[in-house]
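Values in this text are rule-based calculations from the coordinates and carry no lab data. Note that the coordinates shown come from a computational prediction; the quantities given were computed from them, not determined experimentally. Here the Cβ positions follow ideal geometry from the backbone for every residue, glycine too, while neighbour counts run over all protein chains shown.
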Amino acid sequence: MNIQSGWFDYDKQKVIQALRYHFISRREIKILMILVNVFALLSAGLFFFKKVMPLAFLLSSVMWFVLMIAFWYVLPRLVYKRAKTFQDRFRVNVESFGLSLENRQGKRGWEWTSFQTWMESPHFYHLYFDSRSFFILPKDAFEGDDVHAVRKIFREHIKK
């Protein structure tokens, strides 16, 4: 099966949302957020029962807000600004042996074994080479039932 998209651009707001999904889905970030939330709840409870000074509760609240602002606002915008990929136009070709991405400068292809895993967010497919390097492929690059066909190909060839 061969599915080729038309030329597509990246929408800034959708990319930022996809980058949020990427950061929040990372295991180390989930663990960090859980630990900060546990610390915040514990310090709130201890503060309520007058076992700790207000400083512990204040620090946990500040840590929580800083983490949320960093992962929800700062990091996605920073990545978007630094990545020139999101400023270019592309066309993707999904085939039985792999995937190729084309822009005006050239074409680059990958076999399915190049991808470690994939994830789906509301507007994108996230294709991971490893835990830190990935690219996002907009679903609206594909028309009609091609969105479902691409998902099926990813399920068949890349572990989730």
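Counting only C-alpha contacts under 8 Å and six or more residues apart, can you give the relative contact order of region 13-82 as a whole percent?
Dividing the mean separation by the residue count of region 13-82 yields 42 percent.
Give the dimensionless ratio obtained when the Cα radius of gyration of region 13-82 is divided by 2.2 N^0.38 Å.
1.34
At q = 0.15, 0.19 Å⁻¹, what log₁₀ I(q)/I(0) does the chain have when each alpha carbon counts as one equal point scatterer in the Debye sum?
Calculated log10 I(q)/I(0) at the listed q: -0.83, -1.18.
Quick one: if the Förster radius is 45 Å, what FRET efficiency do Lys30 and Asn2 give, using the C-beta to C-beta distance and rounding to 0.05?
The calculated FRET efficiency here is 0.75.
Taking a spot 7 Å from the Cα of Phe134 along the direction of its beta carbon, which residues of region 1-23 have an amide N less than 19 Å from it?
10-23
Kirkwood hydrodynamic radius (Cα pairs, Å) of region 1-43?
Across region 1-43, the inverse of the average 1/r is 13.4 Å.
Take Tyr73, Tyr128 and order them by how many other Cβ atoms sit within 10 Å, fewest up front.
Tyr73, Tyr128
Would you kindly calculate the translational diffusion coefficient of region 109-160, applying Stokes-Einstein with the Kirkwood radius from alpha carbon pairs, for 25 °C and a viscosity of 0.890 mPa s, and quote it in µm² s⁻¹ without decimals?
218 µm²/s
Summing -39500 (n - 2.57) over the DSSP H runs of n ≥ 4 in the chain and dividing by its residue number, what mean residue ellipticity at 222 nm do you reach, to the nearest 500 deg cm²/dmol?
Helix-only estimate at 222 nm: -14500 deg cm²/dmol.
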